[in-house]
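Structure record follows, encoded as structure tokens.
The values are calculated or read from the model by the stated rules, or taken from the named source; none is laboratory data. The shown structure was predicted, so the numbers you read here are calculated from the model rather than taken from an experiment. Every residue, glycine among them, receives a Cβ derived from its backbone with ideal geometry; neighbour counts consider all protein chains shown.
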Protein chains: 2
Amino acid sequence: MTSLRKLASHLGLSITTVSRALDGYADVAVATRERVEQAAKAMGYRPNPAARRLRRGVGETVAFVLPTDPGHFHEPVFSELLVTVGEELARHEHDLMLLAARPGKDEMAVYHRLVEGRRADAFIIVRTRHQDERIAYLMAKGVPFVCHGRTDTAEPYAFIDGDGEEGFHSLTQRLVARGHRRIAFLSAPTHLTFAGLRLAGWRRAMQAADLAADIVEEAEPTEEGGFALAHRVLDSHARPTALICATDRMAIGAIRAAADRGLTVGSDIAITGHDNIPAASYCQPSLTTMELPTRLIGARLADMVLARLGGADLRDLTEIHGLVQMPRGSSGETNLEGVVRTADAQEAVFEVTEGRKT
Amino acid sequence: MTSLRKLASHLGLSITTVSRALDGYADVAVATRERVEQAAKAMGYRPNPAARRLRRGVGETVAFVLPTDPGHFHEPVFSELLVTVGEELARHEHDLMLLAARPGKDEMAVYHRLVEGRRADAFIIVRTRHQDERIAYLMAKGVPFVCHGRTDTAEPYAFIDGDGEEGFHSLTQRLVARGHRRIAFLSAPTHLTFAGLRLAGWRRAMQAADLAADIVEEAEPTEEGGFALAHRVLDSHARPTALICATDRMAIGAIRAAADRGLTVGSDIAITGHDNIPAASYCQPSLTTMELPTRLIGARLADMVLARLGGADLRDLTEIHGLVQMPRGSSGETNLEGVVRTADAQEAVFEVTEGRKT
DNA sequence: GGCGCTTTCCAAAACGTTTTGGAAGACAAT
DNA sequence: ATTGTCTTCCAAAACGTTTTGGAAAGCGCC
């Protein structure tokens, strides 16, 4: 197509000058620059990304590897994150590469291929784990990355996260205030950082209220997982009056389990989640939940990864955001009829709770 | 890192020979090839993709542009498609590039940037429309693509689709057989091809049964859309006894609307969807739906796009697959207690109904 | 010993960009 | 006139691969 060479010969300039004119170097005359820019636009010139990557040694490509089981990927949170990250990256002329790999051997093989094959320049890591092989590897290789969620490591690293500990603490307090005494926690696998934090928030609130934090079960953060755990917990001799679920998907499973036993969710039993996925507004009753405004987070994640690529200081890239609580019918906290949606929460409170320096 | 040059000098061979040895040309001695392969593995050689792309003129990159509204992307179907397509492409050393753009100006700008900037070699197009600008553009440019869904065009094009017309026809027949007479259709916008087909299937069955196909409403294929339409339709003087929704998300909204009016879904009113998203199993009652096994479709889509890149004949790349019906509680067709899941349907009937030659 | 045929290898060009290390010219100061 | 300083431009190398068009060596055959 239109190469730098064509452009140059058409203008009667050297290819060097054209290149530098377009890149805004000071060493080309103003008149020349304008002439070049005009011609470039007229001829529809677009630099060849392959050539640029080859010469520069880096391509503007960010990889997003979904830690997903073979064919299952139904995480509304990640979906939304994906598109917002993609939009933001595209705005800065960067490409988003999407891959999927189940945690474990396959997953690391993907990272190796991408890093060693120079296919990606930076990574976005989601669903972080306490001990996270991915993070250790990228750190060792010196490849920039940003995490959605935290991990256990001595070195500083860039991340953005919701304050799950605080969010679940305050939720639990609310339930306690409403008279609940036996509150169960349906957890996601605690090797996932977010699960441990949410669990800790619940536990802290329970202990502060002198209540036994003894009903904890753990399963995959899916409808199926929540469904199974709820059944198990509701079987116990001293049935809890509230089920705090680590995620909305689990809560939706739990609601179904409770209903199958003839319990009226919202009055007989309170059930809550986290994420505010669209389905949460359409359960019966609507699901009490909390959220980290995904769109803003996605854009921020993209900006952070771009900052990392630009060599920004790591310590400016750690953010913990407050969660927006959305009490709804499933915890009996609202008497509203019909569907309770909170699209406006997207625009709601969104501030950095803590700029942590690790 | 390890370049071809390093490898060559280390082996005492020319860079040409090393390249050809690794590419399996006949003109290198067996002994040499083995020596080269061994050294390549030992030194961890990986061809630099940028260099390769530059020289070859094509990069192994497939773009997937999600036609999504600003920050909203909650289509479980696309999510699942994404990961399976990604996996399959990765298996063949291809990259999947993800972008998002709302239909209209922005969307076409993305296509222009990708095509003219040589950032993508092929496209996967989803949520096809009757008149589809994307398809017209790619055809004009001669860029390979594969559609998930059909479009109206004289020229042949590669696509894979579920037989929505037949699926909704047979669903409607089933409902009629169960005694329903006033059956409403809650449609997605009919400029989307799939919506028109599903609508047509319902209409054909209604007419064949001498029933009035007069309750049709149209909205976005979201929970919110289904919710609004259901309310509107249930308001009418002669309330329907069944609501056939174009998608599961709409059906979930409709279920909520019916429940809000005190109707018992499954007995007072039947509600059905399409897609078999995970939430469909956890509604109350479980949602009657049908599905196109997404994993298989995703892999097939990837294979087709690879075939297109390999120059395969278009006419071998048109497939319409039969849908798997899953009757569940929301249409009163099953008396099963509890959650009805059909994960096994993934492995179920899956055959090409018709290999169409356009 | 000249010719042709195989087999095995390689030098060099090319892809389109960025960047290095000047060169040429204008102008001012000496 | 020489020297120095700016400003503006450019030739050429480099990034790492693939591919073209041979070359060299070995062998058989007349």
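In segment A:25-36, which residues are closer than 27 Å to A:D95 by Cβ and loosely packed, with under 15 Cβ neighbours inside 10 Å?
Initially, segment A:25-36 is screened for residues closer than 27 Å to A:D95 by Cβ, giving A:25, A:36.
Correct list: A:Y25 only.
Check segment B:56-70 and report whether any residue there is within 30 Å of B:I160 (Cβ to Cβ) and either in a helix (DSSP H, G or I) or more than 11 Å from chain A (Cβ to nearest Cβ) (or both).
Let us first name the residues in segment B:56-70 that are within 30 Å of B:I160 (Cβ to Cβ), namely B:56-70.
Subset that is either in a helix (DSSP H, G or I) or more than 11 Å from chain A (Cβ to nearest Cβ) (or both): B:56.
Yes, there is a match, as at least one residue in segment B:56-70 is within 30 Å of B:I160 (Cβ to Cβ) and either in a helix (DSSP H, G or I) or more than 11 Å from chain A (Cβ to nearest Cβ) (or both).
If A:R46 meets every condition in (1) facing chain B (nearest Cβ under 8 Å); (2) out of contact with any strand residue (DSSP E or B) (no Cβ under 7 Å at 6 or more places or on another chain); (3) closer than 19 Å to A:K141 by Cβ apart from one, which number is that one?
Result: A:R46 fails condition (3) only.
Consider A:A39 against the criteria (1) in the same structural domain as A:G311 (by TED's automatic domain parsing); (2) in contact with a Leu (Cβ under 6 Å, 6 or more places away or on another chain): it satisfies all of them except one. Which criterion is unmet?
(1)
With within 20 Å of A:L317 (Cβ to Cβ), part of a helix (DSSP H, G or I) and not small (G, A, S) as the only criterion, which of A:V110, A:V85 stands out? Talk me through it step by step, then tell me what you get.
On the way: A:V110 fails: within 20 Å of A:L317 (Cβ to Cβ).
A:V85 is the lone residue from the list that is within 20 Å of A:L317 (Cβ to Cβ), part of a helix (DSSP H, G or I) and not small (G, A, S).
Which numbered condition trips up A:K41, out of (1) within 14 Å of chain B (Cβ to nearest Cβ); (2) more than 7 Å from DNA strand D (Cβ to nearest atom); (3) in contact with a helix residue (DSSP H, G or I) (Cβ under 9 Å, 6 or more places away or on another chain); (4) without any contact (Cβ under 8 Å) to a residue 60 or more places away in the chain?
(3)
List the strands (runs of 3 or more DSSP E) inside segment A:245-339, counting only whole elements, that have at least 1 residues being more than 27 Å from B:A258 (Cα to Cα).
On the way: elements: A:270-272, A:289-291, A:318-321, A:324-326.
Where strands (runs of 3 or more DSSP E) fall fully within segment A:245-339 and carry at least 1 residues being more than 27 Å from B:A258 (Cα to Cα), they are A:289-291, A:318-321, A:324-326.
How many residues are acidic (D, E) and modelled with pLDDT under 95 if we restrict to segment A:148-192? Don't jump to the end; show me each part of the working.
So the first thing to find is which residues in segment A:148-192 are acidic (D, E), and the list is A:152, A:155, A:161, A:163, A:165-166.
Next cut, modelled with pLDDT under 95 only: A:155.
Qualifying residue count, segment A:148-192: 1.
Please find, within segment B:1-36, the residue that is nearest to A:E116 (Cα to Cα) out of those that are small (G, A, S) and either more than 13 Å from DNA strand D (Cβ to nearest atom) or in contact with a Leu (Cβ under 7 Å, 6 or more places away or on another chain) (or both).
Applying the first criterion (small (G, A, S)) to segment B:1-36 yields B:3, B:8-9, B:12, B:14, B:19, B:21, B:24, B:26, B:29, B:31.
If we keep only those that are either more than 13 Å from DNA strand D (Cβ to nearest atom) or in contact with a Leu (Cβ under 7 Å, 6 or more places away or on another chain) (or both) as well, we get B:12, B:19, B:31.
Numbers: B:G12: 24, B:S19: 19, B:A31: 28 Å.
Among those residues, the one meeting the criterion is B:S19.
Go through segment B:202-244 and give me each residue that's more than 23 Å from B:A177 (Cα to Cα), part of a helix (DSSP H, G or I) and within 13 Å of another protein chain (Cβ to nearest Cβ). Reasoning before the result, please.
Residues of segment B:202-244 that are more than 23 Å from B:A177 (Cα to Cα), as a first pass: B:217-229, B:231-232, B:235-237.
From what's left, part of a helix (DSSP H, G or I): B:223-229, B:231-232, B:235.
Listed by number, the residues that qualify are B:E223, B:E224, B:G225, B:G226, B:F227, B:A228, B:H231.
Could you grab me the full set of residues in segment B:1-24 that are surrounded by 14 or more Cβ atoms within 10 Å (Cβ to Cβ), of a type in the set (D, E, K, R) and more than 7 Å from DNA strand C (Cβ to nearest atom)?
Passing the criteria: only B:K6.
Given the residues B:A238, B:A259, which is the only one that is of a type outside the set (F, W, Y), closer than 18 Å to A:I252 by Cβ and out of contact with any helix residue (DSSP H, G or I) (no Cβ under 8 Å at 6 or more places or on another chain)?
Numbers: B:A238 fails: closer than 18 Å to A:I252 by Cβ.
It is B:A259.
If a residue counts only when it is touching a Gly at 6+ places or on another chain (Cβ under 8 Å) and crowded, with 19+ Cβ neighbours inside 10 Å, which strands (runs of 3 or more DSSP E) contained entirely in segment B:122-174 have at least 3 such residues?
Values: elements: B:122-126, B:145-148, B:159-162.
Answer list for segment B:122-174: B:159-162.
Could you grab me the full set of residues in segment A:44-68 that are touching a residue at least 40 places away in the same chain (Cβ under 8 Å) and more than 29 Å from B:R56 (Cα to Cα)?
Passing the criteria: A:L66, A:P67.
Quick one: what pairs do we get from segment B:11-22, first residue at pLDDT below 95, second within 7 Å of DNA strand C (Cβ to nearest atom) and not polar (S, T, N, Q), C-beta under 8 Å, 6+ apart or different chains?
none
Any residue that is away from chain B (no Cβ under 12 Å), within 16 Å of DNA strand C (Cβ to nearest atom) and either surrounded by fewer than 22 Cβ atoms within 10 Å (Cβ to Cβ) or without any contact (Cβ under 8 Å) to a residue 40 or more places away in the chain (or both) - is there at least one of those in segment A:82-104? Please lay out each step first, then the result.
First, the residues of segment A:82-104 that are away from chain B (no Cβ under 12 Å): A:92, A:103-104.
In the following step, the residues that additionally are within 16 Å of DNA strand C (Cβ to nearest atom) were identified as A:92.
If we keep only those that are either surrounded by fewer than 22 Cβ atoms within 10 Å (Cβ to Cβ) or without any contact (Cβ under 8 Å) to a residue 40 or more places away in the chain (or both) too, we end up with A:92.
Yes, because at least one residue in segment A:82-104 is away from chain B (no Cβ under 12 Å), within 16 Å of DNA strand C (Cβ to nearest atom) and either surrounded by fewer than 22 Cβ atoms within 10 Å (Cβ to Cβ) or without any contact (Cβ under 8 Å) to a residue 40 or more places away in the chain (or both).
Exactly one of (1) out of contact with any Leu (no Cβ under 9 Å at 6 or more places or on another chain); (2) near DNA strand D (Cβ under 7 Å from one of its atoms) is unmet by B:L54. Its number?
(1)
Considering only segment A:40-79, state which residues are surrounded by fewer than 19 Cβ atoms within 10 Å (Cβ to Cβ), under 15 Å from A:L22 (Cβ atoms) and small (G, A, S).
A:A42, A:G44, A:A51
Considering segment B:266-288 alone, what residues qualify as being under 17 Å from the mean Cα position of the chain (by Cα) and under 21 Å from A:D248 (Cβ atoms)?
The initial filter retains those residues of segment B:266-288 that are under 17 Å from the mean Cα position of the chain (by Cα), namely B:273-278.
Answer for segment B:266-288, where residues must be under 17 Å from the mean Cα position of the chain (by Cα) and under 21 Å from A:D248 (Cβ atoms): B:G273, B:D275, B:N276, B:I277, B:P278.
Find the residue count for segment B:243-280, including only residues that are without any contact (Cβ under 8 Å) to a residue 60 or more places away in the chain and touching a His at 6+ places or on another chain (Cβ under 6 Å).
2
For residues that are touching an Asp or Glu at 6+ places or on another chain (Cβ under 9 Å) and outside any helix (DSSP H, G or I), scanning just segment A:183-201, find the one that is farthest from A:T128 (Cα to Cα).
Per the stated criteria, the residue is A:A184.
Could you tell me which residue of segment A:214-241 is nearest to A:H74 (Cα to Cα), considering only residues that are surrounded by 24 or more Cβ atoms within 10 Å (Cβ to Cβ) and touching a residue at least 40 places away in the same chain (Cβ under 8 Å)?
Going residue by residue through segment A:214-241, those that are surrounded by 24 or more Cβ atoms within 10 Å (Cβ to Cβ) are A:221, A:223, A:225-227, A:229-230.
Imposing the further condition that a residue be touching a residue at least 40 places away in the same chain (Cβ under 8 Å) reduces the set to A:226, A:229-230.
Working: A:G226: 15, A:L229: 20, A:A230: 21 Å.
Looking at the filtered set, the residue picked out is A:G226.
So B:L263 ticks every box in (1) within 16 Å of B:A184 (Cβ to Cβ); (2) at the interface with another protein chain (Cβ under 10 Å from one of its Cβ atoms) but one. Which box is left unticked?
Against the list (1) within 16 Å of B:A184 (Cβ to Cβ); (2) at the interface with another protein chain (Cβ under 10 Å from one of its Cβ atoms), B:L263 comes up short only on (2).
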